[in-house]
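Novice: Could you have a look at this structure, given as C-alpha cells, before my questions?
The values are calculated or read from the model by the stated rules, or taken from the named source; none is laboratory data. Values in this document were obtained by computation on a predicted structure and should not be read as measured data. Backbone-built Cβ (ideal geometry, glycine too); neighbour counts: all protein chains shown.
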Amino acid sequence: MKVLVIGASRGIGREFVTQYLADRAQVTATARRPDEVAALEALGATAFQLDVADAASASALAWRVDNAGFDVAIVVAGVYGPDTQGLQTPTEADFDTVMHTNVLGPMRVIPQLADALAPGARLAVLSSRMGSIGERTSTSGWLYRVSKAAVNSVLKDVSIQFAGKATCIAFHPGWVQTDMGGAGADLTPQQSVSDMRRTLAAVKPTQTGSFLNHDGSAIPW
C-alpha cells in the first residue's frame, strides 16, 4: 500500500505515518521544517518540505508525486487560530492564517493529486465537527468553525471531480490529545487514527463526499 500524509510534523499527521509504517505501507509525508522532515525520514517515511499556506511551496507538490499511485491520501495540515468564545471579529492576520491554511491549502494541493492516485484510492481531509452547521450549538472558535465548514465544501467538490477515481471523505477525528486538543481531550492520537484508518479502509465508493466521525458514523453538514 502507498500512502501520502500532508501535514505530518506532529500529532494526528505523525500518528498516521507511524501506524501506516507499522503495517508496512510505503509512506510519503510532508512537513514544513527541515528538522521535521528529518524526523519523518528517521521513522522510515519518504519525506519532503511542504507548506500548504505558501503558494510556491504548495505548487511543487505535483512533480514530487507525479504518477505515484497512492492508495490513500490524507490532508491533515491545519491550524485553530484565535480561541474566541463569542463573535469577536478576527484580525485580518488571523483570518488570513486560518483560511489560507485550512481552506486554500487543500484547494492548492488536492487538485495536484489527480494523477497521483491509484484507481479506487481513498482521499481524506481532516475537518472537524465544529464545522457542522446542522449540529452547531456554540460560537466558540468561530473562525475555525468557518474554515472547517468551508473545507467540507471543498471536499464535496473534490468528490464530484474525482468521481469514479477516488472515494473522498471529510473526517472529524474526535477530540484528540494534541497541541490543539489539549491534554484533557477524550482520545489519544493512537485511538483517533486507528479509528479513522479502520473507517477509511471500510468506506464504500457510494459514500464518497461524506462527512464522517472517526468511528464511521455520519455527521450532518
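Novice: With touching a strand residue (DSSP E or B) at 6+ places or on another chain (Cβ under 7 Å), aliphatic (A, V, I, L, M), in a loop (DSSP other than H, G, I, E, B) and surrounded by 17 or more Cβ atoms within 10 Å (Cβ to Cβ) as the only criterion, which of Ala73, Ala53, Ala77, Ala47 stands out?
Specialist: Numbers: Ala73 fails: in a loop (DSSP other than H, G, I, E, B); Ala53 fails: touching a strand residue (DSSP E or B) at 6+ places or on another chain (Cβ under 7 Å); Ala47 fails: in a loop (DSSP other than H, G, I, E, B).
Just one listed residue meets the conditions, Ala77.
Novice: Within segment 1-42, restricting attention to residues that are of a type in the set (S, T, N, Q) and either touching a strand residue (DSSP E or B) at 6+ places or on another chain (Cβ under 7 Å) or under 14 Å from Leu126 (Cβ atoms) (or both), which residue is modelled with the lowest pLDDT? Walk me through how you get there before you give the answer.
Specialist: Initial filter on segment 1-42 (of a type in the set (S, T, N, Q)): 9, 18-19, 26, 28, 30.
Subset that is either touching a strand residue (DSSP E or B) at 6+ places or on another chain (Cβ under 7 Å) or under 14 Å from Leu126 (Cβ atoms) (or both): 9, 26, 28, 30.
Values: Ser9: 94, Gln26: 98, Thr28: 98, Thr30: 98.
If we take residues in segment 1-42 being of a type in the set (S, T, N, Q) and either touching a strand residue (DSSP E or B) at 6+ places or on another chain (Cβ under 7 Å) or under 14 Å from Leu126 (Cβ atoms) (or both), then Ser9 is modelled with the lowest pLDDT.
Novice: Let me ask something else. Has segment 14-22 got any residue that is surrounded by 18 or more Cβ atoms within 10 Å (Cβ to Cβ) and small (Gly, Ala, Ser)?
Specialist: The answer is no; no qualifying residue exists.
Novice: Among (1) in a helix (DSSP H, G or I); (2) under 13 Å from the mean Cα position of the chain (by Cα), where does Gln112 come up short?
Specialist: So Gln112 meets the others, but not (2).
Novice: Is it true that Ser159 is out of contact with any Asp or Glu (no Cβ under 6 Å at 6 or more places or on another chain), crowded, with 22+ Cβ neighbours inside 10 Å and under 18 Å from Arg108 (Cα atoms)? Step through it out loud before you land on a result.
Specialist: Values: out of contact with any Asp or Glu (no Cβ under 6 Å at 6 or more places or on another chain): yes; crowded, with 22+ Cβ neighbours inside 10 Å: no; under 18 Å from Arg108 (Cα atoms): yes.
For Ser159, the condition - out of contact with any Asp or Glu (no Cβ under 6 Å at 6 or more places or on another chain), crowded, with 22+ Cβ neighbours inside 10 Å and under 18 Å from Arg108 (Cα atoms) - is not met.
Novice: I'd like to check something: does segment 125-145 contain any residue that is closer than 22 Å to Val193 by Cβ, assigned to a strand (DSSP E or B) and of a type in the set (Phe, Trp, Tyr)?
Specialist: Keep residues of segment 125-145 that are closer than 22 Å to Val193 by Cβ, which gives 125-132, 144.
From what's left, assigned to a strand (DSSP E or B): 125-126.
Retained after the next criterion (residues that are of a type in the set (Phe, Trp, Tyr)): none.
Scanning segment 125-145, I find no residue that is closer than 22 Å to Val193 by Cβ, assigned to a strand (DSSP E or B) and of a type in the set (Phe, Trp, Tyr), so the answer is no.
Novice: Let me ask something else about it. What are the residues in segment 188-221 that are out of contact with any helix residue (DSSP H, G or I) (no Cβ under 8 Å at 6 or more places or on another chain), surrounded by fewer than 19 Cβ atoms within 10 Å (Cβ to Cβ) and either of a type in the set (S, T, N, Q) or not in a helix (DSSP H, G or I) (or both), if any?
Specialist: Scanning segment 188-221 gives Thr188, Gln191, Val203, Lys204, Thr206, Gln207, Ser217, Ala218, Pro220.
Novice: For segment 42-67, how many residues are touching an Asp or Glu at 6+ places or on another chain (Cβ under 9 Å), farther than 12 Å from Leu104 by Cβ and aliphatic (A, V, I, L, M)?
Specialist: Qualifying residue count, segment 42-67: 3.
Novice: So which pairs qualify, if the first residue must be in segment 8-32 and on the phi > 0 side of the Ramachandran plot, the second must be in a strand (DSSP E or B) and surrounded by fewer than 24 Cβ atoms within 10 Å (Cβ to Cβ), the Cβ gap must be under 9 Å, and the two must be at least 6 apart or on different chains?
Specialist: Sorted first by the residue in segment 8-32, then by its partner, the pairs are Gly11/Val176.
Novice: For segment 30-44, what are the residues that are in contact with a Ser or Thr (Cβ under 7 Å, 6 or more places away or on another chain), in a helix (DSSP H, G or I) and closer than 26 Å to Ala201 by Cα?
Specialist: Passing the criteria: only Leu43.
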